[in-house]
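Following: one structure in structure tokens, then a few remarks.
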Amino acid sequence: MSEKRAGRRLLTVQEQDAQIPDEKQVVEAGAQSRLRTSGYRQLYLVSCEFHEGVLTLRGHVPTFHLKQIAQTLIRNLDGVEEINNRLEVVAPPNDRGENRDHAAIP
């Protein structure tokens, strides 16, 4: 149970543990941030799941090049020992052969 000292409520051990982000949350957030700030809008919806040193990427990208870019962006992230790149390359239905890999967000 929490106590009050000098007008402040002291947190229980459980409350303190709940406030400290665990490695899973930190790594997943870091990976998501790198993907979202890359300038490639196709990487915004890539999901990242971290478990015991392995970061798994899931989702769909339009080209193999973007699949590799996603992996490169998270390659040196602290805590990641292995990358499991499960991104699927799926061309959009209205693709007319245009190269959209470098469509950066203005």
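Bear in mind that the values in this text are calculations on the coordinates, not laboratory data. Keep in mind that this is a model prediction, so the values were computed, not measured. Because the Cβ atoms are built from the backbone with ideal geometry, glycine has one as well, and the counts that use them run over all protein chains shown.
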| request: Please compute the net charge surrounding His51, taking Lys and Arg as +1 and Asp and Glu as -1 over other residues with Cβ under 15 Å from its Cβ. | output: -4
| What does the charge add up to near Glu88, with Lys and Arg as +1, Asp and Glu as -1, over the other residues with Cβ less than 11 Å from its Cβ? | +3
